[in-house]
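Scroll down for the structure; my scribbles are underneath it.
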Amino acid sequence: MKTYFIIMIISLFIISSCSVTKNSSSPILLNQLSKDARGNDMLMGKCTRTALLQSPFGEWFKPNYDSYVVDSFTCNFIRPLLAGKSITIFMGTWCGDSRREVPRVLKMLDCCGFPMNDLALVMVSNNDSLYKKSPQHEEAGQNIVRVPTIIVEQKGAEIGRIIEFPVTSLEKDLLTILRKEKYQPNYHQLKADTR
C-alpha cells in the first residue's frame, strides 16, 4: 500500500511537470535594444530597472532620479495603501516626459518601500510601424495613447492611472488613486478603455 501511494505521488508529479511544460508560452524577452525613429538606442518591451541605469539611458535616468525631492510626508500615507497593488509603467526611452517622470516615480516608489517585483516596466516604440507599441504587445487593450502611462491595479483590475505627468504631484495623485477618490488624469478623454 505504501509503495502504491509513493508511485501515485511520483506519477502526479511527472504529469503536472509535463503539463506545465506543454502549456508554457514563448519566453518573454527582457531589455531588448533597438533604434528609435531618429536612429538612437531605445529599449523595447518588458525591461528591468537595471537596463535604465546602463548607457545611454543612465545619462538621463540617474540625474532625474537623484534630483527629485520626494514628498516623504505624503509617502507615509501611500505606503500602507500599496499593499496588494501592482503598477505597470508604459514608457518610451525616446520620450522626454518618460525620461523626466519615470525616474521620479521610481524614486517615490523606493521611498514608499514598494516591492519591485510588483512593478512592470514596458517600453514602447516611436517608429511609425510600432508607434506606442511593444514587441510582445503588452499595450494591447490598455489604451496607451501617451507615455508615460502609470497604471495602478488591484487583483488585476485597474483602479487608476497617471497619464504623461501628474495633475497635482506624483505623490498626491497616487494617494488619490489609492484612496479610490475621484481622480481625472491628464488627457482623461482618451481613457475610455479602463477595466
Next on the checklist: For E139, what residues show an amide H to amide H distance below 5 Å, using hydrogens built from the backbone and excluding near sequence neighbours?
Outcome noted: S134
Checklist entry - For L130 and S67, what does the FRET efficiency come to when R0 = 30 Å and r is the distance between their Cβ atoms, rounded to the nearest 0.05? => result 0.45
Checklist outcome for this item: Relative contact order of the stretch 28-190 (C-alpha contacts under 8 Å, at least 6 apart) in percent is 24 percent
Item to check | Extension reserve of the N76-Q154 stretch, reckoned as 0.36 nm per residue once the Cα distance is removed | outcome: 26.1 nm
Next on the checklist: Distance between the C-alpha centers of the stretch 39-62 and the stretch 125-144? Whole Å please.
Outcome noted: 17 Å
Next on the checklist: Within 9 Å, Cβ to Cβ, of L121, how many net charges do the neighbouring residues add up to if Lys/Arg are +1 and Asp/Glu are -1?
Outcome noted: +2
Item to check | Order of T176, T48, T168, T88 under a 10 Å beta carbon neighbour criterion, fewest first | outcome: T168, T48, T176, T88
Item to check | Above-threshold pairs, the threshold being 24 Å between Cα atoms, out of K85/K180; K85/K172; K107/K172; K133/K182; K133/K172; K132/K182 | outcome: K133/K182; K133/K172; K132/K182
Next on the checklist: On a straight-distance basis, which aspartates and glutamates could pair with K62 in a cross-link, Cα separation under 18 angstrom, same-chain partners fewer than 8 positions away excluded?
Outcome noted: D41, D97, E101, D110
Checklist entry - Using a basic spin-label model with each label point 7 Å from the Cα along Cα→Cβ, how many nm lie between T50 and K35? => result 2.8 nm
Checklist entry - So how much slack lies between Q184 and D118, counting 0.36 nm per residue of separation and subtracting their Cα-Cα distance, in nm? => result 21.4 nm
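Where a number appears in this text, it was derived from the coordinates with a stated rule and is not lab data. Just so it is clear, the structure is predicted and the values come from calculations on it, not from any experiment. Note that we place each Cβ from the backbone using ideal geometry, even for glycine, and neighbour counts take in every protein chain shown.
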